[in-house]
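The values are calculated or read from the model by the stated rules, or taken from the named source; none is laboratory data. Please read all numbers here as calculations on a predicted model, not as lab measurements. Reconstructed Cβ throughout: ideal geometry from the backbone, glycine too, with neighbour counts over all protein chains shown.
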C-alpha cells in the first residue's frame, strides 16, 4: 500500500464481483476506506472480509442502486454505523 488515498472514502457500486471488486481492491491497497455495494449479501460479505484481510477498513451496504427506495435509508444508516462522515477528506 502506498497510502495515496489514506483518509479518503470510496463507495464502489457493483463491487461484489468482477470489475467492481477489482476497483475496490485497488482503492483499498492505496489506503482508502472502502464501502462495498451490491445486491448479494454473501458476495458482499466475502469481498469485505477479503479487503479487511488486506488491512483495509471496509464496510458492506447491500442495495440495488437502480432502486431509489432501496438505497436512501440504507446509506443513511450505514453512514452512521461506519462513522465515515468524519473521515471524508475534502479538497
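Quick notes on this structure:
- Filter pass, residue 65 being closer than 18 Å to residue 24 by Cβ, at pLDDT below 95, touching a helix residue (DSSP H, G or I) at 6+ places or on another chain (Cβ under 7 Å) and not in a helix (DSSP H, G or I): yes
- Residue in region 33-45 that is buried (at least 16 other Cβ atoms within 10 Å of the Cβ), assigned to a helix (DSSP H, G or I) and in contact (Cβ under 8 Å) with a residue 12 or more places away in the chain present: yes
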